[in-house]
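The values are calculated or read from the model by the stated rules, or taken from the named source; none is laboratory data. Predicted model only: the values in this text are computed from it and were never measured. Virtual Cβ from ideal backbone geometry, glycine too; neighbours counted across all protein chains shown.
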Amino acid sequence: MATGQAIDAAVQLDNIAVIRGGRLVLQQLSCHALAGDIIWLRGANGSGKSTLLRLIAGLLPLASGKREVAGSLAMADENLALDYTNTLEKSLALWAGMDGASASAQADAMAAFDLSALAEVPVAYLSAGQRKRAALARVLNSNAQIWLLDEPYNGLDNANSSALDDQLIRHARSGGIAVVAAHRPPTINVADTISLSAQTKIRAA
Amino acid sequence: MSGFASLLLREIRTAWIGGGLWLPIIFYLAVATLFPFVTGPDKALLAATGGGILWIAALLASLLPIERLILPDREAGVLDQLNLRGWSDEWIAAAKIAGHILAFGVPLMLASIIASALIGLPEERLATLLIGLALALPALAGLGVTIAALTAGLNGASALGGLLLVPLAVPILIFGAATLDDSPGNAMQLLLAISLAMTALSPFAAGAALRAARE
C-alpha cells in the first residue's frame, strides 16, 4: 500500500559481503529490485537470510560492496517489538502513530489478518501465529514502500497465508517492493528468487 | 518528530507496569526509614546528616532500574524498528533519558518529601534538597541510560553497571551534598554546571553505545 511517495522504491546491492561476529556470513551477493518486484529469499537455516534482510534495513554494516535503498522501509522479523503487557490494539497504535497511520487504517490492517477480534487481548496471550499476524499488520499499516519479511508464513494457517499472498500482490501492484525470506516456495509470481547457500564459514582476519 | 512524545509516554508506562517505578522509591524510603534506627533518635544529628544520606540513597536508587532501560527493548526489536523509521541512536537515547527523568526523577522528588519527614529534616534544608535533586536527577537519568546502553546483554550487567555509575556519579554526590550547607550558593552553581554537562553529553554517549552494540 505504498501510495503518494514521490520517489520510486528501489533496492540495489552490489557484490556485498557481511561479517558478523568474526564470520563471513554473506559474500559476492548482488540483488536489484525495482518498484513492483517481489524478491524471494531461500536457503537453509543459517545461510544468512535474516542477515540479508537486516542489511537491506540498514541495521548492519557492510564489510564490502555497495547498498542503495530508495524508499521507506518496514520489517517483520522474529522480534515482535510489541509491548507484551499492552493490548494488541494499543501496542500496534504506538507504531501506527509514528508511521502516521490513522486509527481506521489500523483497523483495516488488523482486519486484513483477521485480528479484529483480538484487539483487546494483551500481546502476551497471543499464539505464535497470531503474533506473526500482528507483526504483518504493523508492516501493512506502515505505508512503507519496501517490506522486509522474515519467515512471514511461519505459524500462519491456510486462510492467513493466502491473505498474506493477497497483500503482497496488492503491495507489488501499487509500486512497492517486498523481500520475503521463506522456506516454502512462492505461491505468487515473484520477480526473482535468491538462493543462499550455507557456504563454508571462513574466519575473517 | 511526533514519535518522541509517544515513546516518552511508553517509557513511563513501562516503568509503571514493570515495577521499575516503585522499586527505587521503596528502596529510597527504606533507607530513610532505617537510618534513624542506626544513628538513634538524636534530632540534631539526624538534621545534620540526614540530607547527605538521602543524596547517597538517591544515587544508589538510580542504579536499580538500569537493567530494564535498554535491554528489553533491544531484545524485543523495538530499537531496530525505531532505527528502521529513521531514528538516530542519539534521538532514541534522548527519548529514553527524557522518559527516565519523568518515570524515575519525579517520583523520587515526591518521595523525598516523605523521606525528609521520616528523618526530621528542617524545612529549609528540605527545600535545598529538593532543588538540588531537581538539578541532579537529569544527570543521573542520563548516566543511567548511558550505562544501560553500554552494559545491555553483558554477563553481570547489573554489577558492572554499579561499578560504572558510582565513580561517574561522584561529582554529583559531592556538589549535591555540599548544597545542603551552602549559604552563598556556590555548590548549587557547580551542581548545575556538572549536571548540565552530563545531561547534554549523555544522549551522544548512550547513542554511541547503542550503535556499537548493534550488529
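In segment B:40-50, which residue that is of a type outside the set (A, V, I, L, M, F, W, C) and surrounded by fewer than 19 Cβ atoms within 10 Å (Cβ to Cβ) is nearest to the other protein chains (Cβ to nearest Cβ)?
The selected residue is B:Thr49.
Restricting B:Leu7, B:Leu59 to residues that are within 18 Å of the chain's Cα centre (by Cα), under 26 Å from B:Ala205 (Cα atoms), among the hydrophobic types (A, V, I, L, M, F, W, C) and surrounded by 17 or more Cβ atoms within 10 Å (Cβ to Cβ) narrows the list to B:Leu59. Looking across segment A:151-179, the residues that are β-branched (Val, Ile, Thr) and surrounded by 18 or more Cβ atoms within 10 Å (Cβ to Cβ) come down to A:Ile177, A:Val179.
For (1) more than 30 Å from B:Glu90 (Cβ to Cβ); (2) within 14 Å of chain A (Cβ to nearest Cβ); (3) at pLDDT 90 or above, each residue gets a yes or a no:
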position	(1), (2), (3)
B:Gly3	no, yes, no
B:Arg10	no, yes, yes
B:Ala15	no, yes, no
B:Gly19	no, yes, no
B:Pro24	no, no, no
B:Val38	yes, no, yes
B:Gly52	yes, no, yes
B:Leu59	no, no, yes
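Among helices (runs of 4 or more DSSP H) entirely within segment B:27-118, having at least 2 residues that are of a type in the set (Gly, Ala, Ser) singles out B:43-61, B:89-100.
Look at segment A:127-168 and say how many of its residues are hydrophobic (A, V, I, L, M, F, W, C) and closer than 19 Å to A:Glu89 by Cα.
Let us first name the residues in segment A:127-168 that are hydrophobic (A, V, I, L, M, F, W, C), namely A:128, A:134-137, A:139-140, A:144, A:146-149, A:156, A:159, A:163-164, A:168.
Next, only the ones that are closer than 19 Å to A:Glu89 by Cα stay: A:128, A:134-137, A:139-140.
Residues in segment A:127-168 being hydrophobic (A, V, I, L, M, F, W, C) and closer than 19 Å to A:Glu89 by Cα: 7 in total.
Being touching a strand residue (DSSP E or B) at 6+ places or on another chain (Cβ under 8 Å), within 14 Å of another protein chain (Cβ to nearest Cβ) and farther than 17 Å from A:Ala182 by Cβ holds for only one residue in A:Leu92, A:Leu73, and it is A:Leu73. Taking the numbered list (1) surrounded by 19 or more Cβ atoms within 10 Å (Cβ to Cβ); (2) within 14 Å of another protein chain (Cβ to nearest Cβ); (3) in contact with a helix residue (DSSP H, G or I) (Cβ under 7 Å, 6 or more places away or on another chain); (4) in a helix (DSSP H, G or I) in turn, A:Met110 passes all entries but (2). Counting the residues of segment B:65-91 that are within 20 Å of B:Leu165 (Cβ to Cβ) and buried (at least 22 other Cβ atoms within 10 Å of the Cβ) gives 5. In segment A:126-145, the condition of being surrounded by 23 or more Cβ atoms within 10 Å (Cβ to Cβ), in contact with a strand residue (DSSP E or B) (Cβ under 7 Å, 6 or more places away or on another chain), outside any helix (DSSP H, G or I) and not polar (S, T, N, Q) is met by at least one residue. The one condition from (1) closer than 20 Å to B:Val78 by Cβ; (2) more than 10 Å from chain B (Cβ to nearest Cβ) that A:Tyr84 does not meet is (2).
Working carefully through the options B:Ala139, B:Ala94, B:Ala148, B:Ala115, find the one that is surrounded by fewer than 24 Cβ atoms within 10 Å (Cβ to Cβ) and either closer than 30 Å to A:Leu53 by Cα or of a type in the set (Gly, Ala, Ser) (or both).
Numbers: B:Ala139 fails: surrounded by fewer than 24 Cβ atoms within 10 Å (Cβ to Cβ); B:Ala148 fails: surrounded by fewer than 24 Cβ atoms within 10 Å (Cβ to Cβ); B:Ala115 fails: surrounded by fewer than 24 Cβ atoms within 10 Å (Cβ to Cβ).
Unique residue meeting the criteria: B:Ala94.
Looking at the structure I just gave you, is B:Leu163 free of Cβ contacts under 8 Å to residues at least 60 places away in the same chain, of a type in the set (A, V, I, L, M, F, W, C), surrounded by fewer than 18 Cβ atoms within 10 Å (Cβ to Cβ) and not in a helix (DSSP H, G or I)? It is false that B:Leu163 is free of Cβ contacts under 8 Å to residues at least 60 places away in the same chain, of a type in the set (A, V, I, L, M, F, W, C), surrounded by fewer than 18 Cβ atoms within 10 Å (Cβ to Cβ) and not in a helix (DSSP H, G or I). Summed over segment B:59-105, the residues that are under 20 Å from B:Trp16 (Cβ atoms) and touching a Lys or Arg at 6+ places or on another chain (Cβ under 8 Å) give a count of 3.
Assess whether A:Ser64 counts as being surrounded by 18 or more Cβ atoms within 10 Å (Cβ to Cβ) and polar (S, T, N, Q). Outline the logic, then answer.
Working: surrounded by 18 or more Cβ atoms within 10 Å (Cβ to Cβ): no; polar (S, T, N, Q): yes.
When the stated conditions are applied, A:Ser64 does not pass them.
Mind checking whether some residue in segment B:194-215 is acidic (Asp, Glu) and within 14 Å of another protein chain (Cβ to nearest Cβ)?
Keep residues of segment B:194-215 that are acidic (Asp, Glu), which gives B:215.
Filter again for within 14 Å of another protein chain (Cβ to nearest Cβ), leaving B:215.
Yes, some residue in segment B:194-215 is acidic (Asp, Glu) and within 14 Å of another protein chain (Cβ to nearest Cβ).
All of A:Ser30, A:Ser50 fail the test of being of a type outside the set (Asp, Glu) and either within 14 Å of another protein chain (Cβ to nearest Cβ) or part of a helix (DSSP H, G or I) (or both), apart from A:Ser50. Quick one: in segment B:183-215, of everything that is in a loop (DSSP other than H, G, I, E, B) and of a type in the set (D, E, K, R), which residue is farthest from B:Lys96 (Cα to Cα)? Ranking the candidates gives B:Glu215 first.
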